[in-house]
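All remarks here apply to the structure that follows.
What follows draws every value from the coordinates through simple rules; no lab data is involved. Keep in mind the model is a prediction, meaning the values are calculated, not measured. Because the Cβ atoms are built from the backbone with ideal geometry, glycine has one as well, and the counts that use them run over all protein chains shown.
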There are 2 protein chains.
Amino acid sequence: MNTPTDHRWLDTEQQAAWRDFLEGVGRFQEVLVREHDRRLPLSVPEYDVLVQLSEQPDRSLRMSRLAERLAYSRSRVTHTVSRMERAGLVRRVAAAEDKRGVHCSMTDAGWHALVASAPTHVDIVRTYLVDVLTRDELLSLGAAMARVRDACAAALA
Amino acid sequence: MNTPTDHRWLDTEQQAAWRDFLEGVGRFQEVLVREHDRRLPLSVPEYDVLVQLSEQPDRSLRMSRLAERLAYSRSRVTHTVSRMERAGLVRRVAAAEDKRGVHCSMTDAGWHALVASAPTHVDIVRTYLVDVLTRDELLSLGAAMARVRDACAAALA
DNA sequence: TCGGTTCAGTTGTATGTTCAACCAATACAG
DNA sequence: CTGTATTGGTTGAACATACAACTGAACCGA
């Protein structure tokens, strides 16, 4: 474990790579949000919630699982789900097994919204990320970020 | 130019890589913010502003340049700089050459805060990103994200 | 040099996110 | 059992961000 007082600075190449990473992520997220707003009826967080739900066999997930998977705070999930519920995209269902629990369940309207949005979403991801890289670059990028994710997850655990 | 109706889905490998990317970025940003709040007196946006300023010979930058470089909206820069001005980290200076312009200039307090924070900031970046990857992986990551950044910047221009 | 247009930045307002306090249900030690 | 700690989720207020409207300055074609 290295302490801050180690003063282990990054060398020039490392600094450049880190900077490119920061800028690339920043610009990409900016474009993603912009294109979503411009071309789709779902915001990025709403889309992400629906994707998570759609992957469950019963198209529903407990609030806390949703928070974990999206790396959102519990309160954020509460508010976001409330808005989506008002918009008819999801529905809250009391948990049968644990009376504290609440399941967030995708409605048909939510499902249709997701299906309608997916092609455009994929198109955006392609245009600004996937198609910009070679296949090998993309796969390396994924592998590297998976390691980063795991390192971070370990720290949060 | 491909339209959304092309339905050019991602294959399994591409999907996995995209997902790993999303999750990795998400977790990393989460940890970065958390560790900043926990160990440093500067938030991430404040730190980023100071880094930009510190790279200028006169330690100051016009509001609009700052917005461009950080990929922030102009209004966000206005508010963020106002908060930082209140905290004594930066100072607004009327532009001599263009009476519309405003320069955001780092104060000595801002400089000291940055210098004091940098080692810990680097330590965080190392722990959760740089040291998790081999040198080659890091450099490839940087190269890939630089391409993504350029593709996005071209779209915004 | 006038009139329109663009540009730099701020302001007000709506929206989204976080934080801390809270309630209710569960788990668990004694 | 009983009291205490923990967990799941919500609430409301503070805070941050986005968006649109606005002011004043600069630019530019006629």
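The residue that is farthest from B:GLN29 (Cα to Cα), among those in the range B:98-157 that are among the charged types (D, E, K, R), more than 7 Å from every other protein chain (Cβ to nearest Cβ) and assigned to a helix (DSSP H, G or I), is B:ASP108.
Residue-level analysis places B:ALA144 outside the set of residues that are within 16 Å of DNA strand D (Cβ to nearest atom), free of Cβ contacts under 8 Å to residues at least 12 places away in the same chain, of a type in the set (A, V, I, L, M) and touching an Asp or Glu at 6+ places or on another chain (Cβ under 6 Å).
Just to be sure, is B:ALA118 more than 17 Å from the chain's Cα centre (by Cα) and farther than 14 Å from A:PHE21 by Cα?
Working: more than 17 Å from the chain's Cα centre (by Cα): no; farther than 14 Å from A:PHE21 by Cα: yes.
So B:ALA118 fails the test.
Does the range B:63-73 contain any residue that is among the acidic types (Asp, Glu), surrounded by fewer than 19 Cβ atoms within 10 Å (Cβ to Cβ) and within 25 Å of A:ALA144 (Cβ to Cβ)? The answer is no, given that none of the residues of the range B:63-73 is among the acidic types (Asp, Glu), surrounded by fewer than 19 Cβ atoms within 10 Å (Cβ to Cβ) and within 25 Å of A:ALA144 (Cβ to Cβ). Each residue in the range A:85-104 was checked for being in contact (Cβ under 8 Å) with a residue 24 or more places away in the chain and either more than 10 Å from DNA strand C (Cβ to nearest atom) or of a type in the set (Asp, Glu) (or both), and 6 of them qualify.
Only one entry of A:LEU53, A:LEU61, A:LEU42, A:LEU32 meets the criterion of being in a helix (DSSP H, G or I) and away from chain B (no Cβ under 11 Å), and that entry is A:LEU53.
Scanning the range A:99-151 for residues that are crowded, with 20+ Cβ neighbours inside 10 Å, more than 25 Å from A:HIS36 (Cβ to Cβ) and not aliphatic (A, V, I, L, M) turns up just one, A:HIS103.
Of all residues in the range B:72-81, those that are more than 7 Å from DNA strand C (Cβ to nearest atom) and away from chain A (no Cβ under 14 Å) total 1. Only one of the numbered conditions (1) without any contact (Cβ under 8 Å) to a residue 12 or more places away in the chain; (2) within 16 Å of DNA strand D (Cβ to nearest atom); (3) not basic (Lys, Arg) is violated by A:SER60, and that is (1).
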